[in-house]
Amino acid sequence: MQNMGRRAIASVAHLLVIVLIMTLAVKNTMQTSPSPPAKTRLYETDFHTWTQKQSRLLQAGAWEQLDRENLIEEIESLGRQQRRELRHQLAILLGHLLKWEYQPECRSRNWLATLRVQRRDIASLLKENLSLKPYLAEALAEGYANGRDLAMGETGLAAVTFPVVVCIGWSRCWIWGFIQGLKVSFWI
């Protein structure tokens with residue numbers, strides 16, 4: 001009976017040693033993997049507050065307190081966002097132009113209004129972001145591909161109905177007259 005008691009005590013002691021070792025291991029792991037700095041935590045938990053804080057720090061010239069890593073990421077993201085916006089607006093414009101051109105019987109004031117609004121929005125985007133100028137040809141090609149898909153989906157017309165590329169040189173560009181409506185001097 002005494003042997004069984006000693007074995008039980010030894011087993012319990014052994015388990016306590018294992019629990020103690022595991023607890024220390026977990027504590028060491030937590031210490032070697034520090035939580036992100038407060039400035040990064042704020043970025044991850046409350047983006048709006050983070051942006052306001054970064055703005056105040058920039059205005060105050062508190063360069064050492066800035067969350068530089070995330071600021072760099074956000075600034076780069078803004079440039080990509082402007083490109084996406086240009087492609088998206090061109091896709092809508094070009095999709096409506098295709099519908100206008102290939103379904104004249106369905107033309108409506110709504111389509112015309114969309115054409116006008118998209119032209120103005122694209123012109124404003126380009127005026128506010130002059131660095132998009134070198135990207136314009138690429139954006140036009142990508143926007144056209146998406147606009148063509150939109151037009152096919154909305155009209156039910158076969159893919160062969162629509163040109164595969166937006167232009168073969170500006171002199172033979174079916175869309176040239178509509179693009180001129182943008183009144184942007186660098187389309188050519």
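Does L98 satisfy the criteria of being touching a Phe, Trp or Tyr at 6+ places or on another chain (Cβ under 7 Å), modelled with pLDDT of 85 or more and in a loop (DSSP other than H, G, I, E, B)? No. Take the conditions (1) surrounded by 13 or more Cβ atoms within 10 Å (Cβ to Cβ); (2) at pLDDT below 90; (3) not aliphatic (A, V, I, L, M); (4) not assigned by TED's automatic domain parsing to the domain that holds A137; D67 misses just one of them, which is (2). When I122 is tested against the conditions (1) farther than 18 Å from P163 by Cβ; (2) of a type outside the set (S, T, Y); (3) surrounded by fewer than 21 Cβ atoms within 10 Å (Cβ to Cβ), the lone failure is (3). A Cβ distance below 6 Å, combined with a sequence gap of six or more or placement on separate chains, defines the contacts here; from the stretch 127-143, residues that are farther than 25 Å from V164 by Cβ reach residues that are surrounded by 10 or more Cβ atoms within 10 Å (Cβ to Cβ) in the pairs N129/Q82. Would you pick out the residues in the stretch 70-83 that are of a type in the set (K, R) and loosely packed, with under 11 Cβ neighbours inside 10 Å? Within the stretch 70-83, just R80 meets the criteria.
Kindly check whether there is at least one residue in the stretch 104-122 that is part of a helix (DSSP H, G or I), among the hydrophobic types (A, V, I, L, M, F, W, C), within 21 Å of the chain's Cα centre (by Cα) and at pLDDT 90 or above.
Within the stretch 104-122, one or more residues are part of a helix (DSSP H, G or I), among the hydrophobic types (A, V, I, L, M, F, W, C), within 21 Å of the chain's Cα centre (by Cα) and at pLDDT 90 or above.
The values are calculated or read from the model by the stated rules, or taken from the named source; none is laboratory data. No experiment lies behind these values; they were computed from the predicted model shown. Cβ atoms come from the backbone with ideal geometry, glycine included; neighbour counts cover every protein chain shown.
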